[in-house]
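In what follows, a structure is listed as structure tokens, so that the remarks can point back to it.
The values are calculated or read from the model by the stated rules, or taken from the named source; none is laboratory data. These numbers come from a predicted model, not from an experiment. Surface areas here come from the heavy atoms of the whole protein model, side chains and all, with no ligands, DNA or RNA. Shrake-Rupley method; radii C 1.70, N 1.55, O 1.52, S 1.80 Å.
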Amino acid sequence: MSVEFLGTGTSQGIPMIACSCEVCTSSDQHDQRLRVSMHIQTQGKSFIIDTGPDFRQQMLRAQIKRVDAVIYTHEHKDHTAGMDDLRGFNYVQKSSIPLYAQVNVIDQLKREFAYAFGENKYPGVPEIETFPISHHAFEIMGVKIQPILVRHYMLDVLGFRFGDFTYITDANYISDEELEKVKGSKVLVINALKKTSHISHFTLDEAIEVIEKVQPERAYITHISHQMGLHAEVQKELPPHVYLAYDGLQLTV
């Protein structure tokens, strides 16, 4: 399995509009973060987790030529806003793109992209099919995926485990029962917004506590805000097997 971090930033990205802090003005490419998204390639299939507002830019930068399915963590705009740009894959692949998400996420997509779901659709709108999922395991084209149900303040969000790889974003609570589904992962990706407390995201220390419970071989922090600090400096503070992810980072699992 190969995975690529298409975006590792929080909802406003880095640099943030109108901000002149040391992170937003950093010349280090590791400090330049698009909104969170992942590319998973496994068993000959190509999956995208979340289509945020930077989706088009991410597809072009990573030179992704095929998408077999999109899997959504939740309905917030920084995870869904780029769905319309799936049209390019419709054109090249000559097929619709399946979307897998919780029912409430599908309902939100139908409201925000109503033109793509109507009976008399305008020519050229995204051709998509929706498939509801829950916290129970499911398959896409023979690939087994285990959702991990987490809480993002009051909202249910899904993380996903593909074999030895688990991806969790936008969480500040994981029950012991759901954490059991994560244990045994060789690689864990988990969100941490900043070092100080936040109402709906793990802090860096809280994320490290989860990592210590899971004990993966490697762990990567994502969904990072400019308030976390400079990539190079924060990386020096982390345990040896924990890393700040960055846009374009590719892993083999």
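Any chance you could give the angle, 0 to 90 degrees and rounded to 10, that helix 103-112 forms with the longest Cα principal axis of the chain?
Between the helix axis and the principal axis of the chain, the angle is about 70 degrees.
Quick one: of the DSSP bridges fully inside region 109-253, what percent are antiparallel, nearest 5?
50
At each listed q (0.13, 0.21, 0.23, 0.24 Å⁻¹), what is the log10 of I(q)/I(0) that the Debye formula gives for region 103-220 modelled as equal alpha-carbon point scatterers?
Values, matching the q order: -0.61, -1.12, -1.25, -1.31.
³J(HN,Hα) across region 131-140 via Karplus (A = 6.51, B = -1.76, C = 1.60, θ = phi - 60°), whole Hz, x for Gly/Pro?
Values, residue by residue: 10, x, 10, 9, 7, 8, 4, 8, 10, 10 Hz.
Apply the Karplus parameterisation 6.51 cos²θ - 1.76 cosθ + 1.60, with θ equal to phi minus 60°, to every residue of region 12-28 and state each ³J(HN,Hα) to the nearest whole Hz, in sequence, with x for glycine and proline.
Each residue of region 12-28 in turn: 9, x, 9, x, 8, 3, 6, 9, 10, 5, 5, 6, 5, 9, 5, 8, 6 Hz.
Leaving ligands, DNA and RNA out of it, report the carbon-plus-sulfur percent of the accessible area of the chain at a 1.4 Å probe. Don't skip to the end; give the middle numbers.
Details: 5570 of 11600 Å².
Exposed carbon and sulfur together represent 48 percent of the surface.
Determine the percent antiparallel among the DSSP beta bridges restricted to the chain, to the nearest 5.
55
Which ³J(HN,Hα) values, rounded to whole Hz and listed in residue order, are derived for region 51-63 from phi using the Karplus coefficients 6.51, -1.76 and 1.60 in 6.51 cos²θ - 1.76 cosθ + 1.60 with θ = phi - 60°, glycine and proline given as x?
10, x, x, 9, 4, 4, 4, 5, 5, 5, 5, 7, 6
Ignoring ligands, DNA and RNA, how do Lys94, Lys183 rank by accessible area with a 1.4 Å probe, largest first?
The most accessible residue leads, giving Lys94, Lys183.
So what's region 1-143 giving for Cα Rg divided by 2.2 N^0.38 Å, two decimals?
1.10
At 222 nm, what value in deg cm²/dmol follows for the chain if DSSP H runs of at least 4 each add -39500 (n - 2.57) and the sum is divided by all its residues, to the nearest 500?
It lands at -5500 deg cm²/dmol.
Roll a 1.4 Å probe over the protein chains and send me the accessible area per residue for the chain in Å².
46
With N denoting the number of residues in region 171-211, provide Rg(C-alpha) divided by 2.2 N^0.38 Å, to two decimal places.
Output field value: 1.16.
Taking a 18 Å limit on the Cα-Cα distance, which of the listed pairs Lys45/Lys183; Lys45/Lys94; Lys183/Lys213; Lys45/Lys121 fall beyond it?
Working: Lys45/Lys183 25 Å; Lys45/Lys94 16 Å; Lys183/Lys213 8 Å; Lys45/Lys121 29 Å.
Long pairs (Cα-Cα over 18 Å): Lys45/Lys183; Lys45/Lys121.
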